[in-house]
Amino acid sequence: MSFPSQGARHWEESPMIRTSVFPRRYVQGAGALHQLGPELKRLGSKVFALVDHFVADQITPYLDGLTDVSVVSHLFTGHCTHPIIENIAAIAKKSDATVLVAFGGGSVLDVGRSAASAAGMAFVSAPTIAASDAPCSGISIVYDENGVMSGRLTLRNPDLVIVDTALIAKAPVRFFAAGIGDGLATWYEADSCRRSHSGTISGVTGTALAHAAARLCRDTILERGRQAVNDCRAHLATPDLDAVVEATVLLSGIGFESGGLGAAHAIHNGLTMLPQTARYMHGEKVAFGLLASLFLSERAEEERRALFAFCRDVGLPVRLSQIACDAGDDEALTTVAAKACQPGSNIHNEPFPVTPDMVVTALKAADLFGAHYSAASPSE
C-alpha cells in the first residue's frame, strides 16, 4: 500500500502500551461472492455498491442476483481525491443506503472507505485484485488533481472484507506478484519496528500478534509463493493461491498496520520521486526496497540469496534497470535516498541510524548483487 511515512515515533516512555487494529469480519475463498447477500445483510438491508468500471462486467451479475438486500450501483473511474470522495459520499447518502461496498482495486477501495466514513455508513471492502495489503486497512491514500499523493486519511477498518479468490485468479499475474512484493516486506519492517520500539500507524508500539502475523505472512509467501504465481498465471484458484492471498491481504494488512513500516517502504517512497518509475506497481518498488534494505546492515549471504532468487522466480525486480533506474545515475539515486531519509520517514524505524549515503550504497549493492540473477521486467 502506498502512503506517506507513518513518522518514526519511538515510545520508550511507554513501552508497555501496544495497540492492534483489524477488519471486523473477513471472508475468503473461491466463490466467496456467492455469499455476498447474507454477508451484506448482517450490516444492513440497503446497499450502495461502488464498482470499478474495469470489473463491472464481472461484478454486475453478483449484484443483480442479490435478494437479501436492495442495491443501488454506481460505476467508478478516477483516483482517490477529496472532490471525488465528497461527490461519492453525497451520492451514497441520497441512495438512503446504510452500507457501502466497493469492488475493484486500491483506488476504488480508498474512495469507498473514505466516502462511507463521511456518509456515516458501514464499509465493505471487496477487492478484485490482490496487488497490496490495502483491503483490510483503515488507511485511504488521497491524491491531488494531478495524480500526486497529497496525504492520507486514517479511518475505521472495514466492517467486512470479502475476497473471492476465483476473481483474484482471473486478474493479470502481475497484480498478484506485486501483492507478494508488498507482503514480503511486512515481516522485515515489523521486526525492525519491534526491535527499535517504534510506533505504528495504529497508535503506539505493535503487538506480538501483529508481529506473528507478519512472520506467518513471510513464511507462507516464501513456501507457497512460487507455485501460487504459476497457478495465477494459469488462472487457477488453487490452495496455494488461496494461502498466499490470505497472506498478502489479511496477514500483511494486520502486519503493516499494527506492526509498523521501515526501510522497504521508505525506499519505495524515494523511488516514486523518479518519474520513470511511475509505471511500476507499488509492490514492485517495495520489493526492490526490501532487497536494498538487506544491504543497510549485516545480513547472512544465504538470506540475501534466498530473497533475490525468490523475487526473480515470481517476477519481481532484482535490478534497478527493471524499474527504469540506472545504477550509474548518482543524481537520481541521491534523490531517492534524500526522500527515503527525510525527517519522519519510516526508514528511521530501523534499529540503527540510516543516512542518505547508506541508501545510495545499498541501492547500488543490491543492483550489483542482482546481476547474478536474471528476471524479466515486471512490465513484460
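Restricting to region 136-191, and then to whatever is assigned to a loop (DSSP other than H, G, I, E, B) and either assigned by TED's automatic domain parsing to the domain that holds Ile267 or of a type in the set (Asp, Glu) (or both), can you tell me which residue is farthest from the chain's Cα centre (by Cα)? Applying the filter and picking the extreme gives Glu145. Residues of region 157-205 that are of a type in the set (Lys, Arg) and either at positive phi or at pLDDT below 95 (or both): Arg194, Arg195.
Residues are listed down the side, and each one gets a yes or a no for (1) hydrophobic (A, V, I, L, M, F, W, C); (2) in contact with a strand residue (DSSP E or B) (Cβ under 6 Å, 6 or more places away or on another chain); (3) surrounded by fewer than 21 Cβ atoms within 10 Å (Cβ to Cβ); (4) over 21 Å from Lys93 (Cβ atoms):
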| site | (1), (2), (3), (4) |
| --- | --- |
| Gly105 | no, no, no, yes |
| Leu109 | yes, yes, no, no |
| Gly112 | no, yes, no, no |
| Phe123 | yes, yes, no, no |
| Ser137 | no, no, no, yes |
| Ile141 | yes, yes, no, yes |
| Ser150 | no, yes, yes, yes |
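Can Pro83 be described as out of contact with any helix residue (DSSP H, G or I) (no Cβ under 7 Å at 6 or more places or on another chain), outside any strand (DSSP E or B) and either surrounded by 15 or more Cβ atoms within 10 Å (Cβ to Cβ) or not hydrophobic (A, V, I, L, M, F, W, C) (or both)? Answer is yes for this residue.
Of the residues making up region 325-352, those that are surrounded by fewer than 18 Cβ atoms within 10 Å (Cβ to Cβ) and either more than 20 Å from Thr200 (Cβ to Cβ) or in contact with an Asp or Glu (Cβ under 8 Å, 6 or more places away or on another chain) (or both) are Asp326, Gly328, Asp329, Asp330, Glu331, Thr334, Thr335, Ala338.
The values are calculated or read from the model by the stated rules, or taken from the named source; none is laboratory data. Keep in mind that what you see is a predicted model, and the values were worked out from it rather than measured. Neighbour counts run over all protein chains shown; Cβ positions are idealised from the backbone, glycine included.
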